[in-house]
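These notes are about the structure you will find just below.
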Amino acid sequence: MNAARHRRAQGRLIRLFLVIALASLATACREESPSASGAEQSKRADEIRIASLSPAISIILNDLGLGDRIIGRHAFDESVDAGLPVVGDQSGVDYEVLARLQPTHVLMQDGAGELPSMLVQVARDRHWELLELPLLQLNDIPNAVTMLSTEFADDAVRTRSEALQARMARAWRPRPELAPVLGRSLSVYWVSPIGVAGPGSFHHDLMLRLGFASLPETGAAYVSLDREDLKRLNPDSVFILSPEAGDMDRETLLAPWAELGISAIENDRVAILDDWRFLTPSTAMIDLAEHIVVHAERWRDEKSPPEEITQSFSKE
């Protein structure tokens, strides 16, 4: 990858990650409304018009069967029709487009600060329902499914919500038998400069939920590392979560780490997962968990884990 392409790729990943990292841990409380009759539910479903300012929320809406209700999107949302108007994101809202679309609901990830006062005022004046969903940690994802299925309640959505909750529970169950295969694992957003998932992020949470040791053990939800940091951590397995990584050959991608003596590279335990959805705190974490398990099972079946990894886990 040449320098210009690398900067574009890195910039795109940074923008996507900022959508994730700006989400807060606050839990919104919502009073449930009385159940509507079947006819009222059908009418309500027909009238729903959603402006989704979050790719993660759009993925969840699609999985709930509400994707066709989205009429405005985030600029980097690839889960909906690219022809839908862009309405903004956490850092900026296009009020002119929103006014033209006339949504019934505006959905955003819960940010580090308060909602834009202008958005709150416009939503109040135009009778739009404005919802913020906390999406940073893994537990926020099933909570978001519940919140959305409550807000857009009908029988079909409730059924899909229950199925999603069951799928998350199955996909995220502990797999201790695979822990010695992965050893100490690192979830990587980009290789150079090195950016990884830290404690408190949904990726870090996912690895722990699966029963795996996740590096780094301390730090923020997003952690920048230098080469010496990486050498010191010396992960036994690495999962590279980068849409652009799939366009690069493996040798070129890992070249910046080639001389560091990383266990994961020497034992060929590096997996490249280039689905952009895997960067979002959404129900796509079901698929990511399944991909991680598949890689772990393949590594287990190809050869026994290095003796030093097995020994390190036997001591924990």
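The values are calculated or read from the model by the stated rules, or taken from the named source; none is laboratory data. Just so it is clear, the structure is predicted and the values come from calculations on it, not from any experiment. We place every Cβ from the backbone using ideal geometry, glycine too, and count neighbours over all the protein chains shown. The area values use the complete protein model at the heavy-atom level, side chains included, leaving out ligands, DNA and RNA. Shrake-Rupley method; radii C 1.70, N 1.55, O 1.52, S 1.80 Å.
Could you calculate the FRET efficiency of ASP81 with ARG232 from 1/(1 + (r/R0)^6), where r is the beta carbon distance between them and R0 is 35 Å, rounded to 0.05?
On the way: r = 46 Å, r/R0 = 1.31.
Rounded to the nearest 0.05, the efficiency is 0.15.
With the contact rule set at Cα under 8 Å and sequence spacing of 6 or more, what percent relative contact order holds for the stretch 174-316? Intermediate results must be reported in sequence, preceding the final value.
Working: 226 pairs, mean separation 39.7, N = 143.
28 percent.
Which value, in debye to the nearest 20, gives the size of the charge dipole of the stretch 64-176 about its Cα centre, when Lys and Arg are +1 and Asp and Glu are -1 at the Cβ? Can you show the working numbers first?
Working: 11 positive and 17 negative charges, 105 e Å.
Magnitude of the dipole: close to 500 debye.
Let a ≥ b ≥ c be the square roots of the eigenvalues of the Cα gyration tensor of the stretch 236-300; is it rounded (a/c under 1.5), or, if not, prolate (a/b larger than b/c) or oblate?
On the way: a/c = 2.50, a/b = 1.42, b/c = 1.76.
Here the stretch 236-300 falls in the oblate category.
Which of rounded, prolate, oblate describes the stretch 78-236, given a ≥ b ≥ c as roots of the alpha-carbon gyration tensor eigenvalues and a/c under 1.5 marking rounded, otherwise prolate only if a/b is larger than b/c? Don't jump to the answer; show the numbers that get you there.
On the way: a/c = 2.85, a/b = 1.62, b/c = 1.75.
Note, shape of the stretch 78-236 comes out oblate.
Under 5 Å between amide hydrogens, which residues at least 5 positions from VAL86 or on another chain qualify, with H placed 1.01 Å from N in the peptide plane?
Answer set, sorted by chain and number: ARG73.
Residue by residue through the stretch 66-80, what is 3J(HN,Hα) from phi via Karplus (6.51 cos²θ - 1.76 cosθ + 1.60, θ = phi - 60°)? Round to whole Hz and write x for glycine and proline.
10, x, 6, 8, 7, 10, x, 9, 6, 4, 9, 7, 9, 8, 10
Set the Förster radius R0 to 30 Å, insert the Cβ-Cβ distance between GLU259 and ASN143 as r into 1/(1 + (r/R0)^6), and round the FRET efficiency to 0.05.
Values: r = 44 Å, r/R0 = 1.46.
The calculated FRET efficiency here is 0.10.
Given labels modelled 7 Å from the Cα in the Cβ direction, how far is it in nm from ARG160 to GLU251?
4.6
Quick query: amide H of ARG175 versus all other amide H atoms, modeled in the peptide plane; which residues come in under 5 Å with a sequence gap of 5 or more or a different chain?
Amide H neighbours of ARG175: GLY211.
Subtract the Cα-Cα distance of ALA169 and ARG126 from 0.36 nm times their separation in residues, and report this length gain in nm to one decimal.
Details: separation 43, 0.36 × 43 = 15.48 nm, distance 3.90 nm.
Working it through step by step, the gained length comes to 11.6 nm.
List the residues of the stretch 221-262 whose backbone N lies under 20 Å from a point placed 7 Å from the Cα of ASP274 along the Cα-to-Cβ direction.
Under 20 Å, as judged by backbone N against the label point of ASP274, lie 238-258 of the stretch 221-262.
In the full protein assembly as shown, how much of ARG250 is accessible to a 1.4 Å probe, in Å² to the nearest 10?
Answer for ARG250: close to 90 Å² accessible.
Can you give me the relative contact order of the stretch 55-148 as a percent, contacts being Cα pairs under 8 Å and 6 or more apart?
Working: 97 pairs, mean separation 20.5, N = 94.
Once normalised by length, the contact order is 22 percent.
I'd like the FRET efficiency for SER91 and GLU217, computed as 1/(1 + (r/R0)^6) with the beta carbon distance as r and R0 of 25 Å, rounded to 0.05. Provide the component values of the computation, followed by the final result.
Details: r = 31 Å, r/R0 = 1.25.
Efficiency for this residue pair is about 0.20.
Under the classification rounded if a/c is under 1.5, otherwise prolate if a/b is larger than b/c and oblate if not, where does the stretch 180-238 fall, given a ≥ b ≥ c as square roots of the Cα gyration tensor eigenvalues? All intermediate terms of the calculation are to be shown ahead of the outcome.
Values: a/c = 1.92, a/b = 1.26, b/c = 1.52.
Here the stretch 180-238 falls in the oblate category.
Output wanted: per-residue J couplings in Hz (rounded whole) for the stretch 161-170, from phi through Karplus 6.51 cos²θ - 1.76 cosθ + 1.60, θ = phi - 60°, x for Gly and Pro.
Each residue's phi maps through the Karplus curve to give 4, 4, 5, 5, 4, 5, 5, 4, 4, 5 Hz.
In whole Hz and in residue order, list the ³J(HN,Hα) couplings for the stretch 264-278 that follow from phi through the Karplus curve 6.51 cos²θ - 1.76 cosθ + 1.60, θ = phi - 60°; x for Gly and Pro.
Couplings: 4, 6, 5, 9, 6, 10, 10, 10, 9, 10, 9, 6, 4, 4, 6 Hz.
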